[in-house]
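In what follows, a single structure is set out as structure tokens and then discussed.
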Amino acid sequence: FFFLQVLNEKKLQEVDSLWKEFETPEKANKIVKLKHFEKFQDTTEALAASTALVEGKLSKNLKKILKKIVAKDAHEQLAVADAKLGGVIKEKLNLSCIHSPMVTELMRGIRSQIEGLITGLPSREMAAMCLGLAHSLSRYKLKFSPDKVDTMIIQAISLLDDLDKELNNYIMRCREWYGWHFPELGKIITDNLTYCKCVRKVGDRSNFASSDVSDILPEEIEEDVKAAAEISMGTEVSEEDINNIIHLCDQVIEISEYRTQLYDYLKNRMMAIAPNLTVMVGELVGARLIAHAGSLLNLAKHPASTVQLLGAEKALFRALKTKRDTPKFGLIYHASLVGQSNTKNKGKISRMLAAKTALTIRYDALGENTSAEMGAENRLKVETRLRLLEERGIRRISGTGKALAKTDKYQNKSEIKVFDPSGDSTLPVVSKKRKIQEVDEQDTEVAVKAKKFKAEMKEGTAVEDGEPVKKKKKKKDKEKQAEEEVVMSEELPISPVTEPCCLATRVALLFHSALFMATFVCLQNTEKKKKKKKKIKDEGED
């Protein structure tokens, strides 16, 4: 600790030009003077004092020094860089403290010329002290603790993957080896560990009839195994072969038991080091992400887009090289939330899950709290989003928020309007055209009636308006033609389609005749006017 006394307070009033007074050590010594200096005994004491100052607390050493200064100069003010620390000093020691922009500028000038103000400290030792204290303080801020070592997680997840590979190889070899002796057993018992336990207990297939395997298999499967052992198609093997197979089964059972123990250890370790990450993506996926990044702190430095694609680097660079679609997920694909979603929504869910996972990783690596509340909240948000995507509904942003928004596709409908000339006509509107089928039906009905009427006329039984129609005598050729025309007109009545055409032609003729009459009257009037003008001229000449 060191305390400086201000010599010239008038120069401190000029805040903008205060930096000029600290350009050289000589100028700085004219403004401030060293009053008290006390050295720390070791780095731990310096770290404790610096952390107390950072948190705005008053350490014991600082409290003792301030009491000595208060006893000597109680009337003077104490310039403090931190307003919170000044409030604590004023409350406990009843010493007036000041904090203002002038004080911050003064502190900046003192820091720049600290070597000239404090004599007897070489620059090399000062630099080493500052560097060591800075490292210790940053480590304390990040809450770096030896208990939170993620190296154990990296080794455990690597060993777990190796055990899975070895177990698969051993079990495949055991099934194939014992399958020569009892091939039907592999189809009846599907679980690998149960298969190995059963083989180890019984050995030769002939012992299945007399042995009790109820502690390993249920009753129904046990009966099927005993029935299959009696009629098995397998070959006979020696006792030495059976002993080797049993020894292999022992190895499989021991490795599987150790694997379950290792998984429990990894689960507990993950909950201690990264509880929020474990809640978000699970123990195995979280451990694989940490192992892939190298450490939890390195993983916390990655952005969400990198977390999403961790483990798919080869596919990413291959897609960039060939100019194809980039992958949407890496190791995070094995998370339970991504597995629950449809194929269509896996990309969206993995992107959102990666964003929330990046937040939880930083909270676990750099945060002070060790609870898993943040991870549970973020997982709930991702689950609600997944539910909305599965329902294919997006809630409204405005309004009540309860109704689902309508997501109809936009269709550009271009309407082309055509001029309707029927609006200019003053003629009475004719009924709409009938359908072709209706017209054809009416024509056929009329033709049938006409034929019936002709047949009745020939027989003399025709009736019209309730009175019998007499058969007319034969007339000349002209009269026959006239009757045929009348009959044709009765058979084929005028359709409503042709009537407007007849009316239109009549109106057109009338219109043309009216125009002709109007032009003729105009010509007569012009001739009369010319004759009158000539008469008036002749009379004037006379």
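Could you check Thr278 against (1) surrounded by 16 or more Cβ atoms within 10 Å (Cβ to Cβ); (2) in the same structural domain as Val199 (by the TED database); (3) in contact (Cβ under 8 Å) with a residue 60 or more places away in the chain and say which number it fails?
Every listed condition holds for Thr278 apart from (2).
How many residues does segment 256-270 hold that are without any contact (Cβ under 8 Å) to a residue 24 or more places away in the chain and surrounded by 14 or more Cβ atoms within 10 Å (Cβ to Cβ)?
1
If you check Ala315, Ala319, which single one turns out to be assigned to a helix (DSSP H, G or I), touching an Asp or Glu at 6+ places or on another chain (Cβ under 8 Å), farther than 25 Å from Asp264 by Cα and not hydroxyl-bearing (Ser, Thr, Tyr)?
Ala319
Taking the options Ser123, Ser96, Ser112, name whichever one is polar (S, T, N, Q) and in contact with a strand residue (DSSP E or B) (Cβ under 8 Å, 6 or more places away or on another chain).
The conditions single out Ser96.
Can you go through Glu125, Glu176, Glu115, Glu91 and tell me which one is charged (D, E, K, R), in contact with a Ser or Thr (Cβ under 7 Å, 6 or more places away or on another chain) and either assigned to a helix (DSSP H, G or I) or closer than 30 Å to Glu26 by Cα (or both)?
Only one candidate passes the filter, namely Glu115.
Out of Glu391, Glu377, report the one residue that is open to solvent by 40 Å² or more (accessible area, probe 1.4 Å) and at pLDDT 90 or above.
Answer to the check: Glu377.
Does at least one position in segment 89-104 carry a residue that is in contact (Cβ under 8 Å) with a residue 40 or more places away in the chain and open to solvent by less than 60 Å² (accessible area, probe 1.4 Å)?
Yes, because at least one residue in segment 89-104 is in contact (Cβ under 8 Å) with a residue 40 or more places away in the chain and open to solvent by less than 60 Å² (accessible area, probe 1.4 Å).
Quick one: count up the residues across segment 285-315 that are open to solvent by 40 Å² or more (accessible area, probe 1.4 Å), polar (S, T, N, Q) and farther than 13 Å from Arg362 by Cα.
Counting residues in segment 285-315 that are open to solvent by 40 Å² or more (accessible area, probe 1.4 Å), polar (S, T, N, Q) and farther than 13 Å from Arg362 by Cα gives 2.
I'm trying to understand the selection: among the residues of segment 74-87, which are out of contact with any strand residue (DSSP E or B) (no Cβ under 9 Å at 6 or more places or on another chain) and either buried (at least 18 other Cβ atoms within 10 Å of the Cβ) or without any contact (Cβ under 8 Å) to a residue 24 or more places away in the chain (or both)?
Of everything in segment 74-87, those that are out of contact with any strand residue (DSSP E or B) (no Cβ under 9 Å at 6 or more places or on another chain) and either buried (at least 18 other Cβ atoms within 10 Å of the Cβ) or without any contact (Cβ under 8 Å) to a residue 24 or more places away in the chain (or both) turn out to be Ala74, His75.
Looking only at residues in segment 8-22 that are open to solvent by 80 Å² or more (accessible area, probe 1.4 Å), without any contact (Cβ under 8 Å) to a residue 24 or more places away in the chain and within 56 Å of the chain's Cα centre (by Cα), which one is nearest to Gly109 (Cα to Cα)?
So, considering only residues that are open to solvent by 80 Å² or more (accessible area, probe 1.4 Å), without any contact (Cβ under 8 Å) to a residue 24 or more places away in the chain and within 56 Å of the chain's Cα centre (by Cα), the one nearest to Gly109 (Cα to Cα) is Lys20.
Quick test of your reading of the structure: Lys64 fulfils all but one of (1) open to solvent by 70 Å² or more (accessible area, probe 1.4 Å); (2) more than 57 Å from the chain's Cα centre (by Cα); (3) within 23 Å of Ser112 (Cβ to Cβ). Name the failing condition by number.
(3)
Let's see how each residue does on (1) open to solvent by 30 Å² or more (accessible area, probe 1.4 Å); (2) under 30 Å from Ala372 (Cα atoms):
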residue	(1), (2)
Phe182	no, no
Ser206	yes, no
Leu217	no, no
Ile253	no, no
Glu283	yes, yes
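Could you say which residue among Ile65, Ile69, Ile114 is under 27 Å from Trp19 (Cβ atoms) and aliphatic (A, V, I, L, M)?
Only one candidate qualifies: Ile114.
Looking at (1) open to solvent by less than 60 Å² (accessible area, probe 1.4 Å); (2) within 15 Å of Leu137 (Cβ to Cβ); (3) of a type outside the set (Lys, Arg), which is the only condition Ile31 fails?
Against the list (1) open to solvent by less than 60 Å² (accessible area, probe 1.4 Å); (2) within 15 Å of Leu137 (Cβ to Cβ); (3) of a type outside the set (Lys, Arg), Ile31 comes up short only on (2).
If you check Ile154 against the conditions, is it at pLDDT 90 or above and under 30 Å from Glu368 (Cβ atoms)?
Answer is yes for this residue.
The values are calculated or read from the model by the stated rules, or taken from the named source; none is laboratory data. Not measured: the values here are computed from a predicted model. Cβ coordinates were reconstructed from backbone atoms using ideal geometry, including for glycine residues, and neighbour counts include every protein chain displayed. Just the protein is used for accessible areas: all its heavy atoms, side chains included, with ligands, DNA and RNA removed. Shrake-Rupley method; radii C 1.70, N 1.55, O 1.52, S 1.80 Å.
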